[in-house]
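Student: Structure in structure tokens, see below.
Values quoted throughout were computed directly from the atomic coordinates according to the rules given, and no laboratory measurement underlies them. Keep in mind that this is a model prediction, so the values were computed, not measured. Cβ coordinates were reconstructed from backbone atoms using ideal geometry, including for glycine residues, and neighbour counts include every protein chain displayed.
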Amino acid sequence: LDLRFFYFFLSICESASFFQPISDSHRSAAVELFSPDHGSLKSLEETYEALRTFDVLGIEKKPDVTATACRLVSETVGSSSSTLKNVFYALKANSIVKCKINDKAYQGIITRLNAAVDGASSLPDFYYSVGGLVLVKGSKGDVHLADADGIFRSVKAFRQSDGRWRSSSSNPESSAFAAGIALETLAGVVSLASPELDQSLISTLNNDISKLFDSIEKYDDGALYFDDKLVDGHDHQGPLATTSSVVRGLTAFAAVTDERLNIPSNKILGLANFFLGIGVPGDAKDLFNQIDSLACLESNRVSIPLILSLPSTVLSVTKEDLLQVNVNTVLGSNAPPLTVKLVGVFTSGSKAASLVESQELVFDDGTGMYNLKNLPKSIDVGSYTFVFEIVLHELEHEKIYITGGQKKVPIFVSGLIKIENAEIAVLDSDLGSIETQKKLDLAGQNAVSLSANHLQKLRVSFKLTTPHGLAFKPHQALLKLRHESKVEHIFVVGNSGKQFEIVLNFLGLVEKFFYLSGRYDIELAVGDAVMENSLLLAIGHIELDLPEPPEKATRPPPQPVDPYSRYGPKAEITHIFRAPEKRPPKELSLAFLGLTFLPLLGFLIGLLLLGVNLKNFPSNAVPATFATLFHVSIGAVLSLYVLFWLKLDLFQTLKLLGFLGVILVLVGHRVLSHLASTSAKLKSA
Amino acid sequence: MGKLWLICIASISILLPFLCNAFSPETPTDRRVLVLLDDFAIMSSHSLYFNALKSRGFDLEFKLADDPKIALQRYGQYLYDALILFCPSVERFGGSIDVAAIVNFVDSGHDLIVAADVNASDLIREVGTECGVDFDEDPSAMVIDHIGYAVSGTEGDHTLIASDDFIKSDVILGGKKIEAPILFRGIGHAVSPANSLVLKVLSASPSAYSANPKSKLSTPPPLTGSAISLVSIVQARNNARLLITGSLSMFSNRFFRSGVQKAGSQTKHEKSGNEQFLTEISKWIFHERGHLKAVNVKHHRVGETDEPALYRINDELEYAVEIYEWSGTSWEPYVANDVQLQFYMMSPYVLKTLSSDKKGLYSTSFKVPDVYGVFQFKVEHQKLGYTSLSLSKQIPVRPYRHNEYERFIPAAYPYYGAAFSMMAGFFIFSFAHLYSK
């Protein structure tokens, strides 16, 4: 078997290897999927699918859906330009909502459809036109095909030798999907034929159907389906649409033929299982295909599948749950009178004989279920396979219904497990004498605090008993030691009978513990699928004193970093600027500024004391002018220095200084030579 | 003829952006997704998830994983923006796809969703390893939790887990709290502690362990407790986003629609959290959340508007950047309070949190350090779930020019005073010396 398909089925059916009939979840899904605001109900085809699904599921049609449908139907039927396909779906929708269509429109349609049948060249053309006529016949009554034999033959021309059909003579690909359509069309031809068709034609078709069923594919749990593996997946329909088409064709054909089709009824059950195994599809089209096909199977003339299901496969011995079994048709309606027998109970995975005697389940009128009053005493907690069988009360029902023989259902029987004698102890290694021992209460809180060195041992022990007093072996019995640095060590707690015990010899574990001394938290996990009081318990901690690691010791593995701490803003950084140079306070500088003027003051006072005068200042106009100019130039040079300090740069200063210097030298020379000559005159005089 | 050429070139240049289509801030829309399946039936059994994607505008293309005609790229151009591997049992991909092709696909910035399951093939495990997670090596191991399982009348082996240990991140899981636990059935994986790109989004509870439920446990299970990751995400350095999970059924309609009650809890949820969780996370995976772009980086001196070529030490400057987040349809302002700017030369000299105006503009001002050299403005924004922003702009900083120092220093006034009093003395002395009798 193709692994892919096997896998797929695992995914859709999960572990439940039995199938639940259609339930309320389908109804709510249908309401959700086929709502006008969901975007469906745009075309007539979708409208029909919605109406049909609601009809089958017994959902009350919303008035607006009916009104929209009727509007669409009358538009399509009244117009001569609507396509054949639309006319077909309009008639189909009409067969459910029963809109008012006048006779004139019907006459027009009948003429159109008859013309279409005559002019049809491909399978869909036949399908729509014949199907349309069948529907008209359903509501008006008097419709026949004149040349039914001829039409039957021309449809049959699309048949291939392997039981599949081609959709048109130009298309070389044959498919099971087309086979379903062809069967439905032919069923229509048979029902419209007047006079009746040649029976030999019909019986050859019977052979084709058996051939088609040879190509059926199978999942591991018995679900059967059809799938077209087209080389060019252009109009690949998928297994659901293909199987649905075949079922529709098959049941339609079975309804019109008098002969019994020789299809093993197991195959019908397999097909029903396939549709039920899908669960609740999330797609409107898929849901319609599923529901429509199941509705076809529900009332088909080959054999009607009965589905055995259990509302719960997990039973608690402590709560004394009832074993309930439901037998329904695929759509969830009641089955004919029957008896459900519990044939045997086997422990899962073992080949031992049945644990119980074969017995009948009691039918409860109130719930409509078959109950097993008390679980047999021999059934303790554990996982079992229960085998059921359906026995129909009336013999002739066995021809109509198919029950599928013995049904194996995995059942978990759970219960409260008694935990006793829980102890934790630190032992001395060589003698095995107990250093410290603490009782544990595994149902409550524990906060044991122990300490040990590498020469000692740690022992944890407890006892597990089932409600029936037998030894219980849980799937999960783990002791976990977690160091402060989050390095974890896990040990499986072994058992001998009821007693569970683990002894950790730290001497042998030093290396495994990476020589990490310090506090280890101790956790005990005991759990099993059938243990109702599974536990994960922090017992306390042990302070371990292990030797120093040798140089070559392996380092503990890195521990995962907390993702929250890995991100997040960093601490802000502000630049620390260079501290400004230390300067004296401004007052001090100003005080010293004042001091620097004191010598000048002293100098001026000295000059006054000496009696300085300006008597030598030239009295003549020309030298006096030069003297004035000389001092003005000196003053200008000095002011230039002040300006240099205040704002001028060196080049500007030098330029001006050069200019002033020349003047200063010239005027200075005149003044000084005048002064020298006057003083020489004085001396000579 | 020339006109024809022009049209050719013009049409190529128009089409080119649509042909190369990793998520990019320039062309964030137009996303095609290749979905590889084991069986077309998954299309209908998982249709709620696919429909949720389709309704958000994704163009899903379904192919069988062993279809000989599948290819990720043609003529050097990727045909898809994202890949969904819902084919846990495929032993060999068809066409030109192999693990290396998938790794290249991700390396060029495309997104990936991988769902493994029990009995996952070596190929899918290898893809997981390439993504940075290790699935439990035991092929029949499953995650079992005897305490945190989902109560169900028909599932008794406690492999159907109700998990609610989510990562705390609104950007990954959406702002709305996920109330109902997540249904999970499948294999667990471990995330390498050394890999900082992988994040556990959904972890198992401390009581969980990974083992074969059908056989006796004789050796300690390789994965236990919260170390088991049920769903992990990866954000690669090129911002490609990956989702890895060990359960395909958690995407199924069945789990989406199923009610959930966690063992030991009285609350019964009408609907599991799967739909909300996986839809929200797919928004993250497909960059509808948490994808940031930064535009309009501006900096200038305080009081100016033009960007200078260089700064002087001790300048006061202003820096501003606009950050937007892609919402699936448009760029929305990104609001956060932890975007930080570094003024960086070998190491950050200044690291400052930018203040936001809640409309996407982030700005700050600071004083240039008194160290000169070539600096960088760096915005390295890394936040859980967001794409990392990394902006850097080089800017030199010079010292003072000789005439930019302080001119009149009070401490030097005595010296100035001495010089000027000397000059005044000299001026007076020149009179006294020349003209006194």
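Student: Which stretch or stretches of the range B:166-194 have amide N atoms under 19 Å from the point lying 7 Å from residue B:330's Cα along the Cα→Cβ direction?
Tutor: none
Student: Would you tally the net charge around residue B:188, using a Cβ to Cβ cut-off of less than 13 Å, leaving residue B:188 out, and scoring K and R as +1, D and E as -1?
Tutor: On the way: positive: B:125, B:185, B:200; negative: B:117, B:134, B:136, B:137, B:138, B:145, B:165.
Charge balance near residue B:188 sits at -4.
Student: In addition: To the nearest 10 degrees, how steep is helix A:650-684 against the longest Cα principal axis of chain A, on a 0 to 90 scale?
Tutor: 10 degrees
Student: Further question on the same structure: Averaged over peptide A:572-579, how many Cβ atoms belonging to another chain are found within 10 Å of each residue's Cβ?
Tutor: Details: counts 6, 9, 7, 11, 3, 6, 5, 0.
Mean inter-chain Cβ contacts per residue within 10 Å come to 6.
Student: How much length, in nm to one decimal, is gained on full extension between residue A:203 and residue A:229, taken as 0.36 nm per residue of separation minus their Cα-Cα distance? Mind showing how you got there, number by number?
Tutor: On the way: separation 26, 0.36 × 26 = 9.36 nm, distance 2.80 nm.
Here the segment from residue A:203 to residue A:229 would lengthen by 6.6 nm.
Student: With r as the distance between the Cβ atoms of residue B:75 and residue A:103 and R0 = 56 Å, compute the FRET efficiency 1/(1 + (r/R0)^6) and round to 0.05. List each step's numbers first, then the result.
Tutor: Details: r = 63 Å, r/R0 = 1.13.
Between residue A:103 and residue B:75 the formula returns 0.35.
Student: Another question, then. I want to check the label-to-label distance for residue A:211 and residue B:337. Put each point 7 Å from Cα in the C-beta direction and report it in nm to one decimal.
Tutor: 7.9 nm
Student: Taking the number of other C-beta atoms within 10 Å as the exposure measure, put B:312, A:519, B:407 in order starting with the fewest. Could you put the intermediate results ahead of the total?
Tutor: On the way: B:312 16, A:519 13, B:407 9.
Final ranking by Cβ density, sparse to dense: B:407, A:519, B:312.
Student: Okay, moving on. Across peptide B:414-427, how many C-beta atoms of other chains are within 10 Å of each residue C-beta, on average?
Tutor: Details: counts 11, 4, 5, 9, 7, 4, 8, 8, 4, 8, 5, 7, 2, 5.
Across the residues of B:414-427, the mean count of other-chain Cβ atoms within 10 Å is 6.
Student: Here is a follow-up. Give the Kirkwood hydrodynamic radius (Å, one decimal) of the range B:185-329, defined as one over the mean of 1/r across all pairs of different Cα atoms.
Tutor: Result for the range B:185-329, one decimal place: 19.6 Å.
Student: Note the per residue figure in Å³ for the convex hull of the C-alpha positions in the range B:323-408. Intermediate results must be reported in sequence, preceding the final value.
Tutor: Numbers: hull volume 10.4 nm³, N = 86.
Normalising the Cα hull of the range B:323-408 by residue number yields 121 Å³.
Student: Considering every residue in B:31-41, what mean count of other chain Cβ atoms within 10 Å of its Cβ is obtained? Could you put the intermediate results ahead of the total?
Tutor: Numbers: counts 0, 0, 0, 0, 0, 0, 2, 8, 12, 8, 16.
Going residue by residue through B:31-41 and averaging, the value is 4.
Student: Arranged by the count of other C-beta atoms within 10 angstrom, fewest first, what order do A:669, B:299 take? Could you put the intermediate results ahead of the total?
Tutor: Numbers: A:669 12, B:299 19.
Ranking A:669, B:299 by Cβ neighbours within 10 Å, fewest first, gives A:669, B:299.
Student: Taking a virtual spin label 7 Å from the Cα of residue A:162 along the C-beta vector, which residues in the range A:236-256 bring their backbone nitrogen under 17 Å of it?
Tutor: The answer is A:236-239, A:242-243, A:246, whose backbone nitrogens lie closer than 17 Å to the label point.
Student: I would also like to ask the following. Relative to the longest principal axis of the C-alpha atoms of chain B, give the angle of the C-alpha long axis of helix B:274-285, reported between 0 and 90° and rounded to the nearest 10°.
Tutor: Its long axis makes an angle of about 40 degrees.
Student: For residue B:408 and residue B:168, compute 0.36 nm times the residue count separating them, minus their Cα-Cα distance, and round to one decimal in nm. Don't skip to the answer; put the middle values down first.
Tutor: Details: separation 240, 0.36 × 240 = 86.40 nm, distance 6.05 nm.
Length gained, residue B:408 through residue B:168: 80.4 nm.
Student: Which angle between 0 and 90 degrees, to the nearest 10, do you get for helix A:24-33 versus the longest principal axis of chain A when only C-alpha atoms count?
Tutor: 60 degrees
Student: Compute the FRET efficiency between residue B:398 and residue A:75 as 1/(1 + (r/R0)^6), taking r as their Cβ-Cβ distance and R0 = 51 Å, and round to the nearest 0.05. Show your work: numbers first, answer last.
Tutor: On the way: r = 82 Å, r/R0 = 1.62.
Result of the calculation: an efficiency of 0.05.
Student: Search the structure for amide H atoms under 5 Å from the amide H of residue A:500, placed 1.01 Å from N in the peptide plane, and list their residues when 5 or more places away or on another chain.
Tutor: A:462, A:463, A:464
Student: Let me ask something else about it. If you average 1/r across every pair of different Cα atoms in the range A:102-252 and take the reciprocal, what Kirkwood value do you get, in Å? Display every interim value, and only then the final one.
Tutor: Values: mean 1/r = 0.0624 Å⁻¹.
This gives a value of 16.0 Å.
Student: Report the dimensions of chain A along its three principal axes from the alpha-carbon atoms, largest first, rounded to Å.
Tutor: The Cα atoms of chain A stretch 178, 97, 46 Å along their principal axes.
Student: Rank by packing, highest mean first: peptides A:302-314, B:168-180, A:600-612, B:86-98, with packing defined as the count of other Cβ atoms within 10 Å averaged across residues.
Tutor: Working: A:302-314: 21.7, B:168-180: 15.5, A:600-612: 12.5, B:86-98: 20.0.
Final packing ranking: A:302-314, B:86-98, B:168-180, A:600-612.
Student: Send over the Kirkwood Rh of the range B:121-253, from the inverse of the averaged 1/r over different Cα pairs, rounded to one decimal Å. List each step's numbers first, then the result.
Tutor: On the way: mean 1/r = 0.0656 Å⁻¹.
This gives a value of 15.2 Å.
Student: Continuing with this model, one more query. So, how do all the Cα-to-Cα distances of the range A:418-555 break down into 10 Å bins, in percent, from 0 on up?
Tutor: Pairs per bin, as whole percents: 12, 42, 32, 12, 2, 0.
Student: While we're on this one: Could you please report the charge total around residue B:391, scoring K, R as +1 and D, E as -1 over all other residues with beta-carbon less than 14 angstrom from its beta-carbon? Don't skip to the end; give the middle numbers.
Tutor: On the way: positive: B:293, B:298, B:378, B:393; negative: B:322, B:380.
Value of the local net charge: +2.
Student: Count charges around residue B:314 for me, please; just the other residues with Cβ under 14 Å from its Cβ, Lys/Arg as +1, Asp/Glu as -1. List each step's numbers first, then the result.
Tutor: Values: positive: A:578, B:301, B:312, B:367, B:398, B:401; negative: B:315, B:316, B:370, B:404, B:406.
That sum, taken over residues with Cβ under 14 Å, equals +1.
Student: At 0.36 nm per residue, minus the direct Cα-Cα distance, what do residue A:501 and residue A:641 gain on full extension? Give it in nm, one decimal, please. Show your work: numbers first, answer last.
Tutor: Values: separation 140, 0.36 × 140 = 50.40 nm, distance 10.33 nm.
Using 0.36 nm per residue and subtracting the Cα-Cα distance, I get 40.1 nm.
Student: Using only alpha carbon pairs under 8 Å that are at least six residues apart, calculate the relative contact order of chain B and give it in whole percent. Display every interim value, and only then the final one.
Tutor: Working: 903 pairs, mean separation 49.2, N = 437.
Reported as a whole number, the value is 11 percent.
Student: Please compute the modelled spin-label separation between residue B:416 and residue A:322, points set 7 Å along Cα→Cβ, answer in nm with one decimal.
Tutor: Spacing of the two 7 Å Cα→Cβ label points: 10.9 nm.
Student: To the nearest 0.05, how large is the calculated FRET efficiency for residue B:101 and residue B:192 if R₀ is 30 Å and r is the Cβ-Cβ distance?
Tutor: Numbers: r = 23 Å, r/R0 = 0.77.
According to the calculation, E is roughly 0.80.
Student: May I ask you to order B:244-256, B:210-222 by the average number of other C-beta atoms within 10 Å around their residues, highest value first?
Tutor: Working: B:244-256: 27.1, B:210-222: 16.1.
The packing order, highest mean first, is B:244-256, B:210-222.
Student: For all pairs of alpha-carbon atoms in the range A:307-414, what percent lies in each bin of width 5 Å, listed from the first bin to the last filled one?
Tutor: P(r) over the range A:307-414, rounded to whole percents: 2, 12, 23, 25, 18, 11, 6, 2, 0.
Student: Next up: In terms of Cα to Cα distance under 26 Å, which lysines are near enough to residue A:156, apart from those fewer than 8 places away along the same chain?
Tutor: Once the sequence-local lysines are set aside, what remains near residue A:156 is A:85, A:92, A:137, A:211, A:229, A:267.
Student: Among the listed pairs B:176/B:358; A:570/B:393; A:373/B:216, which are separated by more than 23 Å between their Cα atoms?
Tutor: On the way: B:176/B:358 21 Å; A:570/B:393 20 Å; A:373/B:216 33 Å.
Correct reply: A:373/B:216.
Student: What is the magnitude of the charge dipole of the protein assembly as shown about its Cα centre, with +1 placed on the Cβ of each Lys and Arg, -1 on the Cβ of each Asp and Glu, and no other charges, expressed in debye to the nearest 20? Can you show the working numbers first?
Tutor: Working: 104 positive and 119 negative charges, 1202 e Å.
Approximately 5780 debye in magnitude.
Student: Over chain B, what portion of Cα pair distances is larger than 37 Å, expressed as a whole percent?
Tutor: Working: 40850 of 95266 pairs.
Value for chain B (Cα pairs over 37 Å): 43 percent.
Student: How many nm separate the modelled label positions at residue A:437 and residue B:129, each set 7 Å beyond the Cα in the direction of the Cβ?
Tutor: Those two pseudo-labels are separated by 5.0 nm.
Student: Using the Cα centre of the range B:223-317 as origin and beta-carbon charges of +1 (Lys, Arg) and -1 (Asp, Glu), tell me which of B:299, B:282, B:261 is placed farthest towards the positive end of the dipole.
Tutor: Going by the Cα projections, it comes out as B:261.
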